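Reading through the structure tokens given below for one structure.
The values are calculated or read from the model by the stated rules, or taken from the named source; none is laboratory data. Please read all numbers here as calculations on a predicted model, not as lab measurements. Please note: Cβ atoms are built from the backbone with ideal geometry, for glycine as well, and neighbour counts cover all protein chains shown.
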Amino acid sequence: MKKLLLLTLAGAISYVSHAQFSEFEGNAGSTFTLSSDNNTLQIGGRTSFFYQYRVMKSYQGESTNEPKLDKDGFQIKDMDLDLLGKTSSKFVYEFHISLVDLATAAATNNTANPANPGIKAGYLMYVGWPVHIKFGYDKLPFSLGSISDVYATPQWSHSNLASGDLFSRRDIGLTLNYETWKSRINAFAGIYSGMGENFYEYGQDNSGSFEYVGRVEFRYPGKMTYHNVDEENSPVPQLRVGINGRYENKTQPTGQPTVLQSYPDEVGPYGIRMIDGKRSIYGGDLTVKYKGLSATFEDEIINMQPVDANDPLFNATPSSFNKGIIMAGGYVAQVMYNSEKIHSTFSVSYEDINVNDLIVGDQQWLNLSYAYKVNSFNSVFKIEYYLPEKEDVNSNPLKYTAQLRVGYQVVF
Amino acid sequence: MRFSVLLVLLFSCFLFSFKGNSVPNCKFKFEHFRSLNKIPEPSDIVYDKESNHFFIVSDHGILFECDLSGNIIRKAPEEGLDFEGVEVKDSFVYVSDETPRKVYKYRKSDLSLVKTYQVSWGGALNRAFESITYNYTKKCFLLVSQEPVSIIEYDDNFKEIERYPFHGVRDMSGARWYKDKLYLLSNKDECIIKCDPATYAPIEYYKINVLNPEGLAFDAFDNVLITSDDLQRLYFFKNLPTITN
């Protein structure tokens with residue numbers, strides 16, 4: 001796997017690229033731009049709020065004195081600022097921060113939400129050569145659900161598969177990107193710290209090893225953005241097929257504390273974002289758009305090989321049974337319909353994830369959402385109904401049986 | 001109770017959302033297309049009567065002169081960043097560069113760069129000027145912005161004269177002066193809009209079947225040509241149909 005990714009990286013050096021993950025590039029909501037002889041700088045941002053209502057398992061009604069344990073109430077989803085610039089010497093740079101995440105991290109000593117430290121992008125990219133070279137912190141070229149802009153959908157949050165609980169979504173490192181054959185082939189390859197969003201908390205880990213990530217897309221008849229709603233009402237069918245993989249070996253040096261001891265925030269809620277050993281993730285995705293209808297499907301498989309046979313991930317199973325391997329992963333399927341006549345987008349998605357095949361149980365989620373667009377997704381009213389169809393009582397016990405979020409979003 | 005309030009809100013949204021299109025309109029389908037394999041991301045096209053050639057610009061900041069089949073004859077040595085618009089007037093070719101908000105004036109005879117003008121647009125980095133054309137009725141240049149859509153008039157030194165917000169479509173990707181009318185092209189709404197030369201009010205809509213239309217031109221026989229940058233194609237249409245409704 002590692003060799004394959006390195007070969008992809010080396011091969012990509014001779015080609016061109018144009019794609020970006022910026023949530024603000026080409027967004028008409030961003031209306032502030034300064035330009036001088038050598039530099040153009042766009043100032044953008046996004047703010048959104050919603051009311052969240054959860055149907056709690058333990059809540060028996062007003063007649064009982066049982067405390068209501070849900071989190072009903074208003075929440076701030078976004079309060080982001082973005083600076084995106086291009087220079088005449090063909091450098092692109094971007095700084096994207098979430099003020100909500102920064103404030104939350106500061107107020108809770110980074111304990112409330114360590115995987116969202118407040119920085120969403122900070123990179124410099126050179127676009128003057130056939131291969132675009134990006135250095136810095138940004139989304140990883142992995143997982144369609146992670147790359148895609150959730151703000152440009154009726155949903156309020158990413159799927160569980162691509163939310164960052166199973167694998168990191170952002171990291172610091174070097175990314176090469178190349179497009180060819182009339183933009184039908186789009187390839188990424190990169191090396192990263194492997195510490196994901198927790199790089200700010202821990203820096204590089206004691207192993208000093210990197211994570212290698214690669215992604216190749218075939219798009220027909222041509223380019224396709226990572227906005228999965230078909231707002232263009234495509235007159236001809238558009239297709240994108242992507243495959244991606246990533247690999248890291250974070251075996252800690254002998255005598256050093258384990259990954260779980262040294263980097264408890266990075267391992268994530270299921271203990272699989274980073275493991276003491278080898279981990280590879282591979283998968284693929286499919287996107288189709290036509291006449292307002294769009295459908296996406298994504299599947300990711302996680303293969304973990306901890307060095308310690310007593311690693312908690314093995315769930316105390318004998319090595320003769322587990323063969324030293326733990327598998328995880330899942331799939332997400334989503335169908336959306338956009339109608340400009342009624343300014344509306346409808347979405348249905350379903351996902352099934354298993355965070356450890358040695359622990360009984362998986363989780364299945366149904367998501368129904370609707371957006372009324374006053375001005376595309378730059379000024380939009382969203383309703384999201386989230387229903388856990390099947391609960392994984394061992395890995396992710398839930399207090400609620402349904403969740404409703406209603407709110408408004410503005411991109412400026 | 002909460003659900004009832006939500007349902008009422010939702011229904012209200014629907015009630016306010018429907019609107020009709022009172023401007024005459026019709027469908028307009030292309031005859032054939034040709035790949036522009038050697039022009040990366042062709043974004044605008046203009047026909048030059050004098051040379052009987054096309055001038056095509058690329059998102060990669062290159063100005064090309066092509067024959068009527070789209071074959072490259074020559075290209076300008078001076079490049080920009082993100083060429084999105086091209087117009088021919090007298091013995092010069094004018095090119096708009098979207099990202100840095102510039103207009104380049106090339107000499108048509110040798111494609112040498114004569115002058116650069118700075119223009120301003122506060123909209124998003126990559127949603128700025130998508131095309132340039134000349135209004136022969138009002139004797140001024142026009143730059144059209146992609147989103148929000150505006151038509152901006154400039155004098156011959158690219159000093160701004162007037163701005164006209166345009167609400168007929170969601171975005172704008174092309175503009176061309178033809179037979180005393182302004183014709184605009186929308187990418188998201190995939191249509192050509194015929195406009196009044198003085199007020200720019202829409203007169204007619206022509207719905208086209210092209211993915212990602214970017215540049216609009218009319219040749220010597222009044223045929224319509226449209227470039228698609230993502231697909232690197234030049235689409236050939238016949239004459240604009242007469243709308244009867």
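List of remarks:
- Among the criteria (1) of a type in the set (Gly, Ala, Ser); (2) more than 24 Å from A:ALA295 (Cβ to Cβ); (3) in a loop (DSSP other than H, G, I, E, B), the one A:ALA162 does not fulfil is (2).
- Options B:ILE226, B:ILE193, B:ILE161; residue that is farther than 24 Å from B:GLY70 by Cβ, of a type in the set (Val, Ile, Thr), touching a strand residue (DSSP E or B) at 6+ places or on another chain (Cβ under 8 Å) and buried (at least 16 other Cβ atoms within 10 Å of the Cβ): B:ILE193
- Among the candidates A:GLY292, A:GLY284, the residue that is among the small types (Gly, Ala, Ser) and more than 14 Å from chain B (Cβ to nearest Cβ) is uniquely A:GLY284.
- Tabulated pairs, region A:190-201, first under 7 Å from A:ASP171 (Cα atoms), second buried (at least 24 other Cβ atoms within 10 Å of the Cβ) and among the β-branched types (Val, Ile, Thr), C-beta under 7 angstrom, 6+ apart or interchain: A:TYR192/A:VAL213
- Considering region A:376-389, and only residues there that are within 14 Å of another protein chain (Cβ to nearest Cβ) and in a strand (DSSP E or B), the residue that is farthest from A:TYR151 (Cα to Cα) turns out to be A:TYR385.
- So A:LYS341, is it of a type in the set (Lys, Arg) and either modelled with pLDDT of 95 or more or surrounded by 16 or more Cβ atoms within 10 Å (Cβ to Cβ) (or both): no
- Taken over region A:29-54, the criterion of being surrounded by fewer than 19 Cβ atoms within 10 Å (Cβ to Cβ) and part of a loop (DSSP other than H, G, I, E, B) is satisfied by A:SER36, A:ASP37, A:ASN38.
- If you filter region A:355-375 down to residues that are more than 14 Å from chain B (Cβ to nearest Cβ) and of a type in the set (S, T, N, Q), you find that the one that is surrounded by the fewest Cβ atoms within 10 Å (Cβ to Cβ) is A:GLN364.
- Residues in region A:195-232 that are within 26 Å of A:VAL267 (Cβ to Cβ) and not in a loop (DSSP other than H, G, I, E, B): A:GLY196, A:GLU197, A:ASN198, A:PHE199, A:TYR200, A:GLU201, A:TYR202, A:GLU211, A:TYR212, A:VAL213, A:GLY214, A:ARG215.
- Residue satisfying all of: in region A:219-261; touching a Ser or Thr at 6+ places or on another chain (Cβ under 8 Å) and aromatic (Phe, Trp, Tyr); farthest from A:SER148 (Cα to Cα) among these: A:TYR247
- Among the candidates B:SER43, B:SER120, residue that is surrounded by 15 or more Cβ atoms within 10 Å (Cβ to Cβ), within 14 Å of chain A (Cβ to nearest Cβ) and out of contact with any His (no Cβ under 9 Å at 6 or more places or on another chain): B:SER43
- For region B:33-49, a tally of residues being of a type in the set (Asp, Glu) and at pLDDT 95 or above returns 2.
- Any hit, region A:217-229, residues being over 30 Å from B:VAL169 (Cα atoms), in contact (Cβ under 8 Å) with a residue 24 or more places away in the chain and either within 14 Å of chain B (Cβ to nearest Cβ) or buried (at least 19 other Cβ atoms within 10 Å of the Cβ) (or both): yes
- Which listed residue, of B:THR137, B:THR133, B:THR99, is within 16 Å of A:LEU34 (Cα to Cα) and among the hydroxyl-bearing types (Ser, Thr, Tyr): B:THR99
- Close pairs from region A:327-341: first within 14 Å of chain B (Cβ to nearest Cβ), partner assigned to a strand (DSSP E or B), Cβ under 6 Å, at least 6 apart: A:ASN338/A:THR345
- Conditions (1) within 19 Å of the chain's Cα centre (by Cα); (2) under 17 Å from A:ARG170 (Cβ atoms); (3) at pLDDT 90 or above; (4) not basic (Lys, Arg); number of the one not met by A:MET125: (1)
- Inside region B:49-60, residues that are in contact (Cβ under 8 Å) with a residue 24 or more places away in the chain and crowded, with 18+ Cβ neighbours inside 10 Å make up a count of 6.
- Qualifying positions in region B:107-122 - closer than 26 Å to B:SER228 by Cα and of a type in the set (Phe, Trp, Tyr): B:TRP121
- Test: residue in region A:55-74 that is within 12 Å of chain B (Cβ to nearest Cβ), at pLDDT 55 or above and crowded, with 17+ Cβ neighbours inside 10 Å: no
- Residue that is nearest to A:THR33 (Cα to Cα) [pool: residues in region B:65-96 that are without any contact (Cβ under 8 Å) to a residue 40 or more places away in the chain and within 14 Å of another protein chain (Cβ to nearest Cβ)]: B:LEU81
- Of all the listed residues (A:GLY208, A:GLY214, A:GLY190, A:GLY194), the sole one being of a type outside the set (Val, Ile, Thr) and either within 14 Å of chain B (Cβ to nearest Cβ) or over 19 Å from the mean Cα position of the chain (by Cα) (or both) is A:GLY208.
- Of the residues examined, B:ASN187 is one that is within 14 Å of chain A (Cβ to nearest Cβ), modelled with pLDDT under 95 and either touching a Ser or Thr at 6+ places or on another chain (Cβ under 8 Å) or buried (at least 19 other Cβ atoms within 10 Å of the Cβ) (or both).
- Only one of B:LEU142, B:LEU125, B:LEU63 that is farther than 18 Å from B:LEU225 by Cα and either surrounded by fewer than 19 Cβ atoms within 10 Å (Cβ to Cβ) or at pLDDT 95 or above (or both): B:LEU142
- Selection over region A:165-194 of residues that are out of contact with any Lys or Arg (no Cβ under 6 Å at 6 or more places or on another chain), closer than 20 Å to A:GLY128 by Cα and in a loop (DSSP other than H, G, I, E, B) gives a count of 2.
- Restricting region A:242-288 to residues that are in a helix (DSSP H, G or I) and over 21 Å from the mean Cα position of the chain (by Cα), the residue that is surrounded by the fewest Cβ atoms within 10 Å (Cβ to Cβ) is A:GLN261.
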